[in-house]
Amino acid sequence: MIKYLQSKKGFTLIELIVVLAILAVMMAIILPNINTRKAKISEANSTATDFYAACQSVFSKLSMFEGHLSPAYKKYYDDHSGAALGIMGYYASMGGNYPVTPDRALTSDQFPIATDIYMELHTKSDRIQDITVMAVDKNNSAYANGFASFLVSRTTCASREWCKAFSSMMSAELGDRIEYRDGYYYAKISFVEPPPPTTITEKQMADTVKVKWTAYTRDRLPDSPSELTSYENSNLMFGDDYVLPNGNVCGTCAAWNTSTGNFVGLAGTILK
(Lines give C-alpha, C1' and ligand atoms only; values in the text may rest on other atoms or scores of the structure.)
Protein backbone atom coordinates (compact mmCIF):
# COMPACT_ATOMS: atom_id res chain seq x y z
CA MET A 1 0.00 0.00 0.00
CA ILE A 2 2.83 2.39 0.94
CA LYS A 3 4.62 1.58 -2.28
CA TYR A 4 1.42 2.24 -4.24
CA LEU A 5 0.88 5.67 -2.64
CA GLN A 6 4.48 6.65 -3.25
CA SER A 7 4.22 5.73 -6.92
CA LYS A 8 0.85 7.55 -7.54
CA LYS A 9 1.31 10.76 -9.46
CA GLY A 10 -0.55 14.03 -8.68
CA PHE A 11 -1.69 16.75 -11.07
CA THR A 12 0.97 18.44 -13.11
CA LEU A 13 1.29 22.20 -13.05
CA ILE A 14 -0.10 22.43 -16.59
CA GLU A 15 -3.16 20.37 -15.62
CA LEU A 16 -3.83 22.63 -12.62
CA ILE A 17 -3.53 25.72 -14.81
CA VAL A 18 -6.00 24.25 -17.32
CA VAL A 19 -8.54 23.41 -14.57
CA LEU A 20 -8.24 26.88 -13.05
CA ALA A 21 -8.69 28.46 -16.48
CA ILE A 22 -11.85 26.43 -17.08
CA LEU A 23 -13.23 27.44 -13.67
CA ALA A 24 -12.45 31.09 -14.40
CA VAL A 25 -14.32 30.94 -17.71
CA MET A 26 -17.34 29.29 -16.04
CA MET A 27 -17.43 31.92 -13.29
CA ALA A 28 -17.14 34.67 -15.89
CA ILE A 29 -20.25 33.26 -17.57
CA ILE A 30 -22.33 32.47 -14.45
CA LEU A 31 -21.72 35.53 -12.26
CA PRO A 32 -22.83 38.17 -14.81
CA ASN A 33 -26.05 36.17 -15.42
CA ILE A 34 -26.76 36.07 -11.68
CA ASN A 35 -26.06 39.78 -11.32
CA THR A 36 -28.16 40.59 -14.41
CA ARG A 37 -31.11 38.63 -13.01
CA LYS A 38 -30.86 40.39 -9.66
CA ALA A 39 -30.68 43.75 -11.42
CA LYS A 40 -33.78 42.95 -13.50
CA ILE A 41 -35.73 41.94 -10.38
CA SER A 42 -34.61 45.05 -8.51
CA GLU A 43 -35.55 47.29 -11.45
CA ALA A 44 -38.95 45.62 -11.91
CA ASN A 45 -39.78 45.91 -8.20
CA SER A 46 -38.74 49.55 -8.16
CA THR A 47 -40.96 50.23 -11.18
CA ALA A 48 -43.94 48.47 -9.55
CA THR A 49 -43.35 50.45 -6.33
CA ASP A 50 -43.44 53.78 -8.18
CA PHE A 51 -46.66 52.72 -9.89
CA TYR A 52 -48.18 51.65 -6.54
CA ALA A 53 -47.62 55.09 -5.05
CA ALA A 54 -49.02 56.83 -8.14
CA CYS A 55 -52.16 54.65 -8.18
CA GLN A 56 -52.83 55.11 -4.47
CA SER A 57 -52.48 58.86 -4.82
CA VAL A 58 -54.80 59.06 -7.83
CA PHE A 59 -57.56 56.83 -6.44
CA SER A 60 -57.47 58.46 -2.99
CA LYS A 61 -57.84 61.84 -4.68
CA LEU A 62 -60.69 60.72 -6.91
CA SER A 63 -62.58 58.89 -4.20
CA MET A 64 -62.44 61.81 -1.76
CA PHE A 65 -62.79 64.85 -3.95
CA GLU A 66 -63.14 64.64 -7.69
CA GLY A 67 -64.50 61.30 -8.85
CA HIS A 68 -68.10 62.40 -9.27
CA LEU A 69 -66.97 65.63 -10.96
CA SER A 70 -64.81 63.98 -13.56
CA PRO A 71 -66.14 64.56 -17.11
CA ALA A 72 -64.92 61.09 -18.07
CA TYR A 73 -67.18 59.59 -15.42
CA LYS A 74 -70.23 61.83 -15.72
CA LYS A 75 -70.33 61.59 -19.50
CA TYR A 76 -71.23 57.91 -19.28
CA TYR A 77 -72.85 57.56 -15.86
CA ASP A 78 -74.69 60.26 -13.91
CA ASP A 79 -74.45 59.19 -10.25
CA HIS A 80 -76.40 55.97 -9.70
CA SER A 81 -79.46 56.96 -11.70
CA GLY A 82 -78.13 56.79 -15.28
CA ALA A 83 -78.15 54.00 -17.81
CA ALA A 84 -75.68 51.16 -17.23
CA LEU A 85 -72.99 52.52 -19.55
CA GLY A 86 -70.59 54.21 -17.20
CA ILE A 87 -67.14 53.41 -15.93
CA MET A 88 -68.59 53.26 -12.45
CA GLY A 89 -71.68 54.62 -10.80
CA TYR A 90 -71.40 56.72 -7.65
CA TYR A 91 -73.38 56.57 -4.45
CA ALA A 92 -74.85 60.07 -4.29
CA SER A 93 -75.50 60.10 -0.53
CA MET A 94 -71.75 59.77 0.08
CA GLY A 95 -70.84 62.80 -1.98
CA GLY A 96 -70.16 60.71 -5.04
CA ASN A 97 -67.03 59.05 -3.69
CA TYR A 98 -67.99 55.38 -3.71
CA PRO A 99 -67.90 53.40 -6.97
CA VAL A 100 -70.15 50.58 -8.10
CA THR A 101 -69.68 48.38 -11.12
CA PRO A 102 -71.07 49.81 -14.38
CA ASP A 103 -73.66 47.09 -14.79
CA ARG A 104 -75.15 47.56 -11.32
CA ALA A 105 -77.46 50.55 -11.03
CA LEU A 106 -78.37 51.60 -7.48
CA THR A 107 -81.52 53.10 -6.08
CA SER A 108 -81.19 55.82 -3.48
CA ASP A 109 -81.87 53.52 -0.54
CA GLN A 110 -79.34 50.84 -1.50
CA PHE A 111 -75.95 50.55 0.15
CA PRO A 112 -72.95 50.42 -2.21
CA ILE A 113 -71.31 47.12 -3.03
CA ALA A 114 -67.65 46.30 -2.49
CA THR A 115 -65.70 46.74 -5.70
CA ASP A 116 -62.39 45.50 -7.10
CA ILE A 117 -60.80 47.28 -10.05
CA TYR A 118 -58.19 45.62 -12.27
CA MET A 119 -56.05 47.69 -14.64
CA GLU A 120 -53.52 47.00 -17.38
CA LEU A 121 -51.33 49.81 -18.73
CA HIS A 122 -49.23 49.42 -21.86
CA THR A 123 -46.34 51.89 -21.94
CA LYS A 124 -43.70 52.75 -24.51
CA SER A 125 -41.15 55.56 -24.81
CA ASP A 126 -42.18 56.95 -21.40
CA ARG A 127 -45.82 57.31 -22.51
CA ILE A 128 -49.02 55.46 -21.71
CA GLN A 129 -50.20 53.80 -24.91
CA ASP A 130 -53.48 52.43 -23.58
CA ILE A 131 -55.26 51.43 -20.37
CA THR A 132 -57.72 48.57 -19.95
CA VAL A 133 -59.91 48.28 -16.86
CA MET A 134 -62.55 46.03 -15.35
CA ALA A 135 -64.57 46.70 -12.19
CA VAL A 136 -66.24 43.76 -10.43
CA ASP A 137 -68.36 43.07 -7.37
CA LYS A 138 -65.81 41.31 -5.17
CA ASN A 139 -68.59 39.69 -3.13
CA ASN A 140 -69.67 37.84 -6.28
CA SER A 141 -68.28 34.29 -6.20
CA ALA A 142 -68.05 34.35 -10.00
CA TYR A 143 -65.01 36.61 -9.60
CA ALA A 144 -63.09 34.47 -7.11
CA ASN A 145 -60.32 34.33 -9.73
CA GLY A 146 -60.63 38.06 -10.27
CA PHE A 147 -57.41 38.89 -12.07
CA ALA A 148 -57.60 35.84 -14.33
CA SER A 149 -61.21 36.84 -15.09
CA PHE A 150 -59.92 40.24 -16.14
CA LEU A 151 -57.33 38.67 -18.46
CA VAL A 152 -60.18 36.73 -20.09
CA SER A 153 -62.26 39.87 -20.61
CA ARG A 154 -59.68 42.55 -21.32
CA THR A 155 -60.10 42.53 -25.12
CA THR A 156 -63.86 43.01 -24.75
CA CYS A 157 -63.40 45.60 -22.00
CA ALA A 158 -61.00 47.65 -24.12
CA SER A 159 -63.64 48.12 -26.83
CA ARG A 160 -66.26 49.61 -24.52
CA GLU A 161 -66.85 53.35 -24.41
CA TRP A 162 -66.60 53.53 -20.63
CA CYS A 163 -63.19 51.83 -20.76
CA LYS A 164 -61.98 54.36 -23.33
CA ALA A 165 -63.20 57.17 -21.10
CA PHE A 166 -61.50 55.65 -18.08
CA SER A 167 -58.28 55.27 -20.07
CA SER A 168 -58.37 58.91 -21.06
CA MET A 169 -59.02 60.07 -17.50
CA MET A 170 -56.39 57.85 -15.89
CA SER A 171 -53.78 58.80 -18.49
CA ALA A 172 -54.35 62.44 -17.56
CA GLU A 173 -54.37 61.73 -13.81
CA LEU A 174 -51.24 59.57 -13.81
CA GLY A 175 -49.52 61.90 -16.27
CA ASP A 176 -45.93 62.53 -15.30
CA ARG A 177 -46.18 61.19 -11.75
CA ILE A 178 -43.65 58.48 -12.62
CA GLU A 179 -41.11 57.67 -15.31
CA TYR A 180 -42.55 54.85 -17.40
CA ARG A 181 -40.51 51.92 -18.65
CA ASP A 182 -41.49 50.03 -21.76
CA GLY A 183 -43.74 47.15 -20.83
CA TYR A 184 -46.97 46.38 -19.00
CA TYR A 185 -48.21 47.62 -15.65
CA TYR A 186 -50.96 45.88 -13.68
CA ALA A 187 -52.90 46.93 -10.60
CA LYS A 188 -55.64 45.74 -8.28
CA ILE A 189 -57.53 48.49 -6.45
CA SER A 190 -60.03 47.50 -3.79
CA PHE A 191 -62.90 49.55 -2.40
CA VAL A 192 -64.26 48.27 0.91
CA GLU A 193 -67.75 48.91 2.19
CA PRO A 194 -67.61 52.06 4.33
CA PRO A 195 -69.81 52.92 7.34
CA PRO A 196 -73.27 54.36 6.62
CA PRO A 197 -73.14 57.86 5.06
CA THR A 198 -74.64 59.46 8.18
CA THR A 199 -71.70 58.42 10.35
CA ILE A 200 -68.74 58.29 7.97
CA THR A 201 -65.75 60.53 8.68
CA GLU A 202 -63.34 62.09 6.21
CA LYS A 203 -60.61 59.61 7.22
CA GLN A 204 -62.96 56.69 6.72
CA MET A 205 -63.79 58.03 3.27
CA ALA A 206 -60.09 58.03 2.39
CA ASP A 207 -59.70 54.51 3.80
CA THR A 208 -62.39 53.09 1.52
CA VAL A 209 -59.89 52.72 -1.32
CA LYS A 210 -56.68 50.70 -1.15
CA VAL A 211 -54.26 49.58 -3.82
CA LYS A 212 -53.85 45.87 -3.08
CA TRP A 213 -50.94 45.27 -5.44
CA THR A 214 -49.19 46.51 -8.54
CA ALA A 215 -46.99 44.57 -10.93
CA TYR A 216 -44.67 45.32 -13.82
CA THR A 217 -43.32 43.03 -16.54
CA ARG A 218 -41.67 43.70 -19.88
CA ASP A 219 -43.96 41.24 -21.68
CA ARG A 220 -47.73 41.21 -21.62
CA LEU A 221 -49.31 38.51 -19.49
CA PRO A 222 -50.86 35.85 -21.74
CA ASP A 223 -54.58 35.67 -22.41
CA SER A 224 -56.49 33.58 -19.95
CA PRO A 225 -58.65 30.63 -21.03
CA SER A 226 -62.00 29.85 -19.48
CA GLU A 227 -60.50 27.41 -16.93
CA LEU A 228 -59.10 29.97 -14.53
CA THR A 229 -57.58 27.99 -11.66
CA SER A 230 -55.21 25.96 -13.85
CA TYR A 231 -54.34 29.14 -15.75
CA GLU A 232 -53.39 30.88 -12.48
CA ASN A 233 -51.14 28.01 -11.43
CA SER A 234 -49.48 27.80 -14.86
CA ASN A 235 -49.05 31.52 -15.56
CA LEU A 236 -49.61 33.69 -12.49
CA MET A 237 -47.98 31.69 -9.68
CA PHE A 238 -44.43 32.74 -8.85
CA GLY A 239 -41.96 29.87 -9.00
CA ASP A 240 -38.98 31.79 -7.66
CA ASP A 241 -39.31 35.19 -6.02
CA TYR A 242 -40.58 37.64 -8.68
CA VAL A 243 -40.19 35.14 -11.53
CA LEU A 244 -43.29 33.76 -13.28
CA PRO A 245 -43.51 30.19 -14.64
CA ASN A 246 -42.60 31.37 -18.17
CA GLY A 247 -39.31 32.73 -16.81
CA ASN A 248 -40.29 36.40 -17.06
CA VAL A 249 -39.33 38.69 -14.20
CA CYS A 250 -42.42 40.34 -12.71
CA GLY A 251 -41.78 43.07 -10.17
CA THR A 252 -44.48 43.68 -7.57
CA CYS A 253 -45.42 46.04 -4.79
CA ALA A 254 -48.16 44.78 -2.51
CA ALA A 255 -49.93 45.33 0.75
CA TRP A 256 -49.36 42.60 3.32
CA ASN A 257 -51.81 39.72 2.85
CA THR A 258 -53.04 38.83 6.32
CA SER A 259 -54.76 35.63 5.14
CA THR A 260 -51.62 34.14 3.53
CA GLY A 261 -49.01 35.90 5.65
CA ASN A 262 -46.86 37.10 2.76
CA PHE A 263 -46.56 39.52 -0.15
CA VAL A 264 -47.57 38.95 -3.75
CA GLY A 265 -44.40 38.21 -5.69
CA LEU A 266 -42.78 35.76 -3.28
CA ALA A 267 -42.42 32.13 -4.36
CA GLY A 268 -45.75 30.30 -4.26
CA THR A 269 -47.94 33.42 -4.34
CA ILE A 270 -50.37 34.22 -7.16
CA LEU A 271 -51.37 37.44 -8.89
CA LYS A 272 -55.10 37.50 -8.19
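The values are calculated or read from the model by the stated rules, or taken from the named source; none is laboratory data. Keep in mind that this is a model prediction, so the values were computed, not measured. Glycine also receives a Cβ, built like all others from the backbone with ideal geometry; neighbour counts cover every protein chain displayed.
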Q: Scan segment 224-250 for residues that are farther than 19 Å from ALA144 by Cβ and assigned to a loop (DSSP other than H, G, I, E, B) and report the count.
A: 10
Q.
Between a residue in segment 6-21 that is surrounded by 10 or more Cβ atoms within 10 Å (Cβ to Cβ) and part of a loop (DSSP other than H, G, I, E, B) and any residue that is at pLDDT 75 or above and not basic (Lys, Arg), which pairs come within a Cβ distance under 9 Å, given they are 6 or more apart or on different chains?
A. PHE11/VAL19
**Q.** In segment 230-250, residue nearest to THR217 (Cα to Cα) [restricted to those that are touching a residue at least 60 places away in the same chain (Cβ under 8 Å) and charged (D, E, K, R)]
**A.** ASP241
Q) Going through segment 263-272 one residue at a time, which ones are in a loop (DSSP other than H, G, I, E, B), touching a residue at least 40 places away in the same chain (Cβ under 8 Å) and either within 22 Å of ILE131 (Cα to Cα) or among the aliphatic types (A, V, I, L, M) (or both)? A) LEU271, LYS272
Q: For segment 179-199, enumerate the residues that are touching a Ser or Thr at 6+ places or on another chain (Cβ under 7 Å), assigned to a loop (DSSP other than H, G, I, E, B) and at pLDDT below 90.
A: VAL192, PRO194, PRO197
Q) Say we look at segment 251-262 and pick out the residues that are free of Cβ contacts under 8 Å to residues at least 40 places away in the same chain and in a loop (DSSP other than H, G, I, E, B); which of these is surrounded by the fewest Cβ atoms within 10 Å (Cβ to Cβ)? A) SER259
